[in-house]
1. Are any of the residues in region 101-116 closer than 19 Å to G151 by Cα, surrounded by fewer than 16 Cβ atoms within 10 Å (Cβ to Cβ), in contact (Cβ under 8 Å) with a residue 40 or more places away in the chain and out of contact with any helix residue (DSSP H, G or I) (no Cβ under 6 Å at 6 or more places or on another chain)?
2. Let me confirm something: among I82, I34, I48, which residue is within 17 Å of the chain's Cα centre (by Cα), outside any loop (DSSP other than H, G, I, E, B) and closer than 28 Å to D111 by Cβ?
3. Hey, among the residues in region 85-108 that are closer than 20 Å to H64 by Cβ and part of a strand (DSSP E or B), which one's nearest to the chain's Cα centre (by Cα)?
4. Looking at region 36-58, is at least one residue in contact (Cβ under 8 Å) with a residue 40 or more places away in the chain, among the aliphatic types (A, V, I, L, M), within 21 Å of E96 (Cβ to Cβ) and surrounded by 15 or more Cβ atoms within 10 Å (Cβ to Cβ)?
5. Applying the selection to region 144-174, what residues are under 18 Å from D10 (Cα atoms) and touching a residue at least 12 places away in the same chain (Cβ under 8 Å)?
6. Being in a strand (DSSP E or B), in contact with a helix residue (DSSP H, G or I) (Cβ under 8 Å, 6 or more places away or on another chain), under 26 Å from L175 (Cβ atoms) and at pLDDT 95 or above is the requirement here; does L67 meet it?
7. Which of the residues spanning region 136-163 are within 18 Å of the chain's Cα centre (by Cα) and of a type in the set (S, T, N, Q)?
8. If you check G136, G87, G106, which single one turns out to be at pLDDT 85 or above and on the phi > 0 side of the Ramachandran plot?
Amino acid sequence: MTIPATLPDDIAEKLKLPEVGQIGYVVRDVGETIAFCRDMYGIRPWMILEERPDPCIERGKEVHPVLRIGLAYAGPAQLELIQVVEGETFHSKHLEKPEAEVHHLGFMVQDLEKRLDACSGTGIEVLQRGTIRESGFNVDYAYLDTVEQAGIVLELIQWRLGPIPIPINRSMHNLVSRLGSATIFRGRIIK
């Protein structure tokens, strides 16, 4: 599978998608992959989180995976590396494919609920939905079952500080990384 040059117009229009904000990969070892990306391509800083999304609903069923997540920016797009540490999740099935294959394309949104309502009217189902909570930050996400329509899984991502939606981009990532390396952030920062 390759990254679609553009998403089909009907999908992008129905969901009113912004530009791709994230390229996600499922990997066997986040640490090794970060080291490779940092040493080979100079991608840094990396924020590493070990999370159990709460709640996490996959195809209507509650699941309890533990994920190690690495986040960094390469140009305007965030790279997300996901390692399944414990439990079952649809991410695990992706490891049967070559590791360098893209798992999903993510879109940073400020109105997740509204966009999910729009999805329900198009027949697009939610594969998995959850919230990751980290030191006052909440990341609400929903993976959409769009392989047939778009050629790849799409993810809608909304960051919040408490109840307030916040934009996430390279500048915000760098700020959170600086704060996280100096204060209460539970994640690790690799520069």
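The values are calculated or read from the model by the stated rules, or taken from the named source; none is laboratory data. Since the model is a prediction, treat every value here as computed from it, not as a measurement. FYI the Cβ positions are ideal-geometry reconstructions off the backbone, even for glycines, and counts take in every protein chain you see.
1. Looking for residues that are closer than 19 Å to G151 by Cα, surrounded by fewer than 16 Cβ atoms within 10 Å (Cβ to Cβ), in contact (Cβ under 8 Å) with a residue 40 or more places away in the chain and out of contact with any helix residue (DSSP H, G or I) (no Cβ under 6 Å at 6 or more places or on another chain), one finds at least one in region 101-116, hence yes.
2. Only one candidate passes the filter, namely I82.
3. V85
4. No.
5. Those that are under 18 Å from D10 (Cα atoms) and touching a residue at least 12 places away in the same chain (Cβ under 8 Å): L144, D145, T146, Q149, A150, G151, I152, V153, L154, E155, L156.
6. no
7. Within region 136-163, N138, T146, Q158 qualify.
8. On the way: G136 fails: at pLDDT 85 or above; G106 fails: on the phi > 0 side of the Ramachandran plot.
The match here is G87.
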